[in-house]
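Written below as structure tokens is the structure these notes are about.
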């Protein structure tokens, strides 16, 4: 139990005093069998040999408080410590939030730590996929986390998270109204406060005019954002309905789309909105427009990660190159697999390449140490090995490729 570590960047949700007392009472009554029916969850990192807590912080603390030596765990294994720790941190957030233990300060603190360094659309995507939040709530949460003034107020307890979200939405609506104001010819540019006042006057006058003349088909008249054509509005409405965008966010998004796409041909507008919809709203309208115009940045090909099978294949090639006896090869490969079982496959693969480059004449542990030091290893040369069909002896030297002409890349 002492081998379990708790990440400082995990999500902490402290239960009430009554719940803690009930847990402690049940633990003292049942002893170490207390967690048999509800084990804590930990991640095991093979490269570091450490266990990282995912869920069950209070139960773990109570076990340690009363001197228990063992605790029941549900264990998931990871090759790398960094992956195990990251999964544990997001797992603690996802489990507690879905369980209904939502502490506004802890939620905002966690989101700031894990997403503030990322672009907004990337942060929203991670909160949806890793945090289990809805897309609309993830967007609101990430937006509040990026506002320093609102974040500090929530963390200090002077403002609730819900109120902070309402304030941010109000700011967005005000900014949208200000952008929609049309200047009259010959009038000077007005300030932000005057613009808001002017918006209110326009709305009042428009209300009086509408009451005198009913709109067609009984629909209320809406002020259109500059550049928002009928085809663009229809495309956006279909995209919003497909993605389930909330009403409060539609006006802001429409205004932004009109600002970016308003002066583009209709075909470009429709294709850009379609691209934005296909990206689940995780890209900006500017990026969608660039994509449609052919300005999409080239995607970097991802390098395939090596596995333990690749490691064993490299070892087998090395054994073939030195004429290792076939009858002993399988035992050697089994021992190799056992040796590299708790090592990161990428590091193991590099170590085996070093081992091959030295003529397979060094211990794996020495090769592993050199790999950890970052020794660069060239691609190994491969040689065709011919054996006599009668006696089985090699006819080509595995080291230099003699006779000449047999050596191959």
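The values are calculated or read from the model by the stated rules, or taken from the named source; none is laboratory data. Since we're looking at a predicted model, the values are computed, not measured. So basically every Cβ, Gly included, is an ideal-geometry build from the backbone, and we count neighbours across all protein chains shown.
From the list 168, 159, 118, 155, the lone residue that is outside the structural domain of residue 14 (by TED's automatic domain parsing), farther than 24 Å from residue 41 by Cβ, surrounded by fewer than 21 Cβ atoms within 10 Å (Cβ to Cβ) and within 17 Å of the chain's Cα centre (by Cα) is 118.
Okay, residues lined up against (1) assigned to a helix (DSSP H, G or I); (2) assigned by TED's automatic domain parsing to the domain that holds residue 318; (3) modelled with pLDDT of 80 or more:
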position: 338; (1), (2), (3): yes, yes, yes
position: 343; (1), (2), (3): no, yes, yes
position: 354; (1), (2), (3): yes, yes, yes
position: 385; (1), (2), (3): no, yes, no
position: 400; (1), (2), (3): no, yes, no
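If residue 144 meets every condition in (1) over 25 Å from residue 16 (Cβ atoms); (2) crowded, with 17+ Cβ neighbours inside 10 Å; (3) under 16 Å from the mean Cα position of the chain (by Cα) apart from one, which number is that one? With (1) over 25 Å from residue 16 (Cβ atoms); (2) crowded, with 17+ Cβ neighbours inside 10 Å; (3) under 16 Å from the mean Cα position of the chain (by Cα) applied to residue 144, the lone miss is (3).
Only residues that are closer than 21 Å to residue 370 by Cβ, free of Cβ contacts under 8 Å to residues at least 40 places away in the same chain and within 29 Å of the chain's Cα centre (by Cα) were counted across region 308-339, and they come to 1. Name the single residue that is nearest to residue 35 (Cα to Cα) among those in region 74-98 being without any contact (Cβ under 8 Å) to a residue 40 or more places away in the chain and not in a helix (DSSP H, G or I). For region 74-98, the residue satisfying everything is 74.
In region 28-56, the residues that are outside the structural domain of residue 11 (by TED's automatic domain parsing) never reach a residue that is surrounded by 11 or more Cβ atoms within 10 Å (Cβ to Cβ) with C-beta atoms less than 9 angstrom apart, at least six apart or across chains. Among what's in region 274-307 and is touching a helix residue (DSSP H, G or I) at 6+ places or on another chain (Cβ under 8 Å) and farther than 27 Å from residue 258 by Cα, pick the residue that is modelled with the highest pLDDT. My answer is 307.
Go through 69, 25, 29 for me and flag whichever is in contact with a helix residue (DSSP H, G or I) (Cβ under 9 Å, 6 or more places away or on another chain) and surrounded by fewer than 16 Cβ atoms within 10 Å (Cβ to Cβ).
Residue meeting the stated conditions: 69.
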